[in-house]
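Engineer: Sharing a structure, written as structure tokens. Questions coming.
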Amino acid sequence: MHFDKIVDLHCHMLPGIDDGSPNLETSLELAKKAVLDGVTHILLTPHHLDNRYVNHKFDVIKKTESFQQALDKCKIPLQVFPGQEVHINGDLSERYPDLLGTDIDTRYMLLELPHSNVPMYTEKIIFELQKLGITPIIVHPERNKEIQSNLNILYNFIQKGALAQITATSYVGGFGENVADISQKLVENRLVQVVASDTHALKGRDFVLREALESIGDDFGPKVAMKFEKNAEDILNGNNVIASGYSKIREKKRFFFF
Ligand SMILES: [Fe+2]
């Protein structure tokens, strides 16, 4: 498969501000790997408002500008944009002035749930963000323990108007067979609309975003993979992306023998 552009919507490449790249040197190495993988545009999305990190909107904008200058100086052909991976909080809508979307008008925003569970107020927060004109994109649902045990929790959020992003490493098996199976099932049922790298500083590992797109193409046809890539472009540009053709995941029927 050939991609003219590859947009990565989720990446911890900004140096020294979260659990991603520790320094500029590593960031530039990661950027070179991204380019080798065919990635052309990256939304830089440091953690925001989780238990460990606060990365204010204007700090991220400034740091993204200086990282772009470093890329240009090293002649690395990559365009970067400021974003945040926003952790769910009960008062998120009040924090709107300090939130960065995936696009300049904040039509979309990456929303992170805890790893272990789905907070009771998630649906309420989705609704409140929608009232502010934001479509939340739930990041890596395939890695959330509660969603793993009931994929239709995600179906409910998609039905309420959210979107979802799977992680490339999940799809290609980097987090084990179970997470890969779940990722495939989510794509099969069109419960996720986009795939992104969620790159941290990966020791000895290359970018796998193109590999994940190609695997999606192998499993479901090139049109589906192209649509995933196009959705990433549209989300970065703030264009319309809606979840379509999605379906509830059928539970395996259990037979009881007495
Ligand atoms: Fe992330």
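Engineer: Look through 165, 130, 148 and report the one residue that is in a strand (DSSP E or B), modelled with pLDDT of 95 or more and either buried (at least 17 other Cβ atoms within 10 Å of the Cβ) or not aliphatic (A, V, I, L, M) (or both).
Structural biologist: 165
Engineer: Among the residues of segment 36-58, which ones are in a helix (DSSP H, G or I), in contact (Cβ under 8 Å) with a residue 12 or more places away in the chain and either within 13 Å of the ligand (Cβ to nearest atom) or out of contact with any Leu (no Cβ under 6 Å at 6 or more places or on another chain) (or both)?
Structural biologist: Hit for segment 36-58 is 36, nothing else.
Engineer: For segment 180-192, name all the residues that are touching a Phe, Trp or Tyr at 6+ places or on another chain (Cβ under 9 Å), on the phi < 0 side of the Ramachandran plot and either within 16 Å of the ligand (Cβ to nearest atom) or among the basic types (Lys, Arg) (or both).
Structural biologist: 183, 192
Engineer: Which residues, taken from segment 193-211, are within 25 Å of residue 153 (Cβ to Cβ) and more than 15 Å from the ligand (Cβ to nearest atom)?
Structural biologist: If the condition is that a residue be within 25 Å of residue 153 (Cβ to Cβ) and more than 15 Å from the ligand (Cβ to nearest atom), then 193 is the only one that fits.
Engineer: Same structure, new question: So which residues in segment 8-35 are touching a residue at least 40 places away in the same chain (Cβ under 8 Å), over 19 Å from residue 138 (Cα atoms) and acidic (Asp, Glu)? Quick ask: steps written out before the conclusion?
Structural biologist: Kept after step one, since they are touching a residue at least 40 places away in the same chain (Cβ under 8 Å), are these residues of segment 8-35: 8-15, 17, 19-22, 24, 26-28, 30-35.
Subsequent filtering for residues that are over 19 Å from residue 138 (Cα atoms) retains 13-15, 17, 19-22, 24, 26-28, 30-35.
Within segment 8-35, just 19 meets the criteria.
Engineer: Examine segment 23-32 for a residue that is away from the ligand (no atom under 16 Å from the Cβ), crowded, with 17+ Cβ neighbours inside 10 Å and small (Gly, Ala, Ser), and state whether such a residue exists.
Structural biologist: Yes; the residues of segment 23-32 include at least one that is away from the ligand (no atom under 16 Å from the Cβ), crowded, with 17+ Cβ neighbours inside 10 Å and small (Gly, Ala, Ser).
Engineer: Right, next: Residue check: is residue 114 in a loop (DSSP other than H, G, I, E, B), at pLDDT 95 or above and under 19 Å from the mean Cα position of the chain (by Cα)?
Structural biologist: Working: in a loop (DSSP other than H, G, I, E, B): yes; at pLDDT 95 or above: yes; under 19 Å from the mean Cα position of the chain (by Cα): yes.
Answer is yes for this residue.
Engineer: Step by step: first the residues of segment 69-111, then only those that are within 15 Å of the chain's Cα centre (by Cα) and either of a type in the set (Asp, Glu) or modelled with pLDDT under 95 (or both), then the one that is farthest from residue 140 (Cα to Cα). Which residue is that?
Structural biologist: Among residues in segment 69-111 that are within 15 Å of the chain's Cα centre (by Cα) and either of a type in the set (Asp, Glu) or modelled with pLDDT under 95 (or both), the one farthest from residue 140 (Cα to Cα) is 103.
The values are calculated or read from the model by the stated rules, or taken from the named source; none is laboratory data. The structure presented is a predicted model; accordingly, all values stated were derived computationally and were not measured. Glycine gets a Cβ as well: all are built from the backbone with ideal geometry, and neighbour counts include every protein chain shown.
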